[in-house]
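Asks: Okay, here's the structure, questions in a sec.
The values are calculated or read from the model by the stated rules, or taken from the named source; none is laboratory data. Worth saying up front: this structure is predicted, and the values here are computed from it rather than measured. Backbone-built Cβ (ideal geometry, glycine too); neighbour counts: all protein chains shown.
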Amino acid sequence: MKLTHRFQIPYDKDIYTKLKTKQMEVGRVWSDIVQYGNDYYRIFKLWIPKSDLEKMTKQVYELHCHTVQAIVAKYNVNRMATLRRRKSGDIRAKYSWKGKRFYTIPYKRAGMVVSKQKIILKHYRYEMDVKDLLLTCNKKVKKLNDYIEIPNLAQEDISNISYGEIVYKNGYYWFHYVVEVSEKKINMVFKPAGCDLGEIHSLAIGTEDKALIISGRAIRAIKQYRAKALAELSKKMSRCKKGTKKWEVYSQACQRIKTKSRHQIDYLIHKSTKEAIDFLIKEKVSDLVIGDPTGIEKGTKRDPRKRKNRTRRQQLSIWSYGELKEKLEYKCKLNGIKNHFVSESYTSQDCPFCGGRHFSNGRRFICSVQKTEIHREVNGAQNICRKKFRLAVRPVDVLFKQPVWYRRKVSPNKKA
Ligand SMILES: [Zn+2]
């Protein structure tokens, strides 16, 4: 299984300025490609072929030729993905039409020399007179070599990586690289579990006799705070002129809130899924059935008379189902747990005791026929599992976990 790992490139004025100019150069390549694509479409009503783009971008930019090719490939992939999304009915998907000032720098195998201490990122420069520029179409131009040296801080042995990227994030440059990670062998003993992803309880996992419930209140609280703070700021921003000093201050505050809450939520999602995986490993689960709530949102669409639906839709939109699912999926894969997906419909109402359907009241699910009760989320998780595999009805041990975000401790050296 392939995973993307990264390390931060320590600040060095020389390296950082060099990387910045290269990023701008990549931005220039991207902008030009998009421009060519747009013009071509306007004239011929066709997509510009990839080979034409490669020809047009050859020997022009101060980058390694494979880097330029990688950018062209990226544009192509981008276009195909948008086409696929549009064909499946997503009309909001837009083709890339706008230029970029900065862009991440891709490097292929030929563009890097990796040793244990450092990574050398290769670049070319083409020496050309203005006079030549008019004559050269496919003529050979004098090529000059250039390179940027960054330290190799990767945890793994990356001497034979085939692809790397320089990404700017949070004031630092990062080196992203793809590594092959071996998956664990799949458990031979069959044991199923169901997983219910929700808002108040971000994760509920139920096996036959044990259950884990992870609270999602911390994530929700951060999201609610963010929405409120951003709304207040945008209200203030609407009162002053765009581009003024005050507006700039508010806009920076917006950015700060966004990045900070993003970090907190990412951390919490990681922690929640980690807890879940630890539980699954401890219980020796071989198959995990995950409930898919697509369809819930569909039912709540377009009914302005129903006030309740509007609040429900709002709740759904701030609930990070996709991220949780994605992280859970790949962590399962790494630990040799098989994933299955089923629809979530009626799983919260089906009664395991009498086989009928009841509406749950609060957090408890009570069967009025058999006079028994079970935690609502546990019942949901088990019912999701029951859609795929058999699961006996037994008393369940429930374990509660509540991940919280801690303020990062400032080390005493830094404080002084
Ligand atoms: Zn019942």
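Asks: Six or more apart or on different chains, Cβ under 6 Å: which pairs go from a residue in the range 349-364 that's charged (D, E, K, R) to one that's away from the ligand (no atom under 11 Å from the Cβ)? Could you list them?
Replies: Cβ pairs passing all conditions: ASP350/ASN383; ARG363/ARG376.
Asks: State which residue is surrounded by the most Cβ atoms within 10 Å (Cβ to Cβ) when the search covers only the range 366-383 and only residues that are within 11 Å of the ligand (Cβ to nearest atom) and within 25 Å of HIS340 (Cα to Cα).
Replies: This residue is ASN379.
Asks: From the list LYS235, LYS284, LYS241, exactly one residue is assigned to a helix (DSSP H, G or I) and among the basic types (Lys, Arg). Which is it? Full working, then the answer.
Replies: Working: LYS284 fails: assigned to a helix (DSSP H, G or I); LYS241 fails: assigned to a helix (DSSP H, G or I).
None of the other options fit; the residue is LYS235.
Asks: When you scan the range 37-52, do you find a residue that is closer than 21 Å to LEU144 by Cα and part of a helix (DSSP H, G or I), even just one?
Replies: No: the range 37-52 contains no residue that is closer than 21 Å to LEU144 by Cα and part of a helix (DSSP H, G or I).
Asks: So which of ALA93, ALA70 is of a type in the set (Gly, Ala, Ser), modelled with pLDDT under 90 and in contact with a Lys or Arg (Cβ under 8 Å, 6 or more places away or on another chain)?
Replies: Only one candidate qualifies: ALA93.
Asks: So is GLY206 surrounded by 15 or more Cβ atoms within 10 Å (Cβ to Cβ) and in contact with a helix residue (DSSP H, G or I) (Cβ under 6 Å, 6 or more places away or on another chain) or not?
Replies: yes
Asks: Is it the case that some residue within the range 85-106 is surrounded by 13 or more Cβ atoms within 10 Å (Cβ to Cβ), part of a strand (DSSP E or B) and assigned by TED's automatic domain parsing to the domain that holds PRO151?
Replies: Scanning the range 85-106, I find at least one residue that is surrounded by 13 or more Cβ atoms within 10 Å (Cβ to Cβ), part of a strand (DSSP E or B) and assigned by TED's automatic domain parsing to the domain that holds PRO151, so the answer is yes.
Asks: Pick from the range 341-364 the residues that are small (Gly, Ala, Ser) and within 14 Å of the ligand (Cβ to nearest atom): which of them is nearest to the chain's Cα centre (by Cα)? Steps first, please.
Replies: As a first pass, look at the range 341-364 and keep what is small (Gly, Ala, Ser): 343, 345, 348, 355-356, 360, 362.
Filter again for within 14 Å of the ligand (Cβ to nearest atom), leaving 348, 355-356, 360.
Details: SER348: 29, GLY355: 39, GLY356: 40, SER360: 34 Å.
This residue is SER348.
Asks: Got at least one residue in the range 177-199 being outside any strand (DSSP E or B), among the basic types (Lys, Arg) and either touching an Asp or Glu at 6+ places or on another chain (Cβ under 9 Å) or modelled with pLDDT of 90 or more (or both)? Even if it seems obvious, please write down each step before you answer.
Replies: Step one: of the range 177-199, the residues outside any strand (DSSP E or B) are 181-191, 198-199.
Filter again for among the basic types (Lys, Arg), leaving 184-185, 191.
Among the residues that remain, those that are also either touching an Asp or Glu at 6+ places or on another chain (Cβ under 9 Å) or modelled with pLDDT of 90 or more (or both) are: 191.
Checked against the condition, which is being outside any strand (DSSP E or B), among the basic types (Lys, Arg) and either touching an Asp or Glu at 6+ places or on another chain (Cβ under 9 Å) or modelled with pLDDT of 90 or more (or both), the range 177-199 yields at least one hit.
Asks: Give me the residue from the range 1-36 that is assigned to a loop (DSSP other than H, G, I, E, B) and not hydroxyl-bearing (Ser, Thr, Tyr) and, out of that set, farthest from LYS184 (Cα to Cα). Break it down stepwise before answering.
Replies: Taking the range 1-36 and keeping what is assigned to a loop (DSSP other than H, G, I, E, B), we get 1, 10-12.
Keeping just the survivors that are not hydroxyl-bearing (Ser, Thr, Tyr) gives 1, 10, 12.
Working: MET1: 10, PRO10: 34, ASP12: 40 Å.
That would be ASP12.
Asks: Would you please name the residue that is surrounded by the fewest Cβ atoms within 10 Å (Cβ to Cβ), looking only at residues in the range 142-200 that are closer than 19 Å to LYS18 by Cα, among the aromatic types (Phe, Trp, Tyr) and within 25 Å of the chain's Cα centre (by Cα)?
Replies: Checking each candidate, the answer is TYR172.
Asks: So, one more: Quick one: is THR259 part of a helix (DSSP H, G or I), polar (S, T, N, Q) and farther than 21 Å from LYS325 by Cβ? Even if it seems obvious, please write down each step before you answer.
Replies: On the way: part of a helix (DSSP H, G or I): yes; polar (S, T, N, Q): yes; farther than 21 Å from LYS325 by Cβ: yes.
It is true that THR259 is part of a helix (DSSP H, G or I), polar (S, T, N, Q) and farther than 21 Å from LYS325 by Cβ.
Asks: Let me ask another. Over 25 Å from ILE219 (Cβ atoms) and away from the ligand (no atom under 16 Å from the Cβ), is that true of ARG390?
Replies: Working: over 25 Å from ILE219 (Cβ atoms): yes; away from the ligand (no atom under 16 Å from the Cβ): yes.
So ARG390 passes the test.
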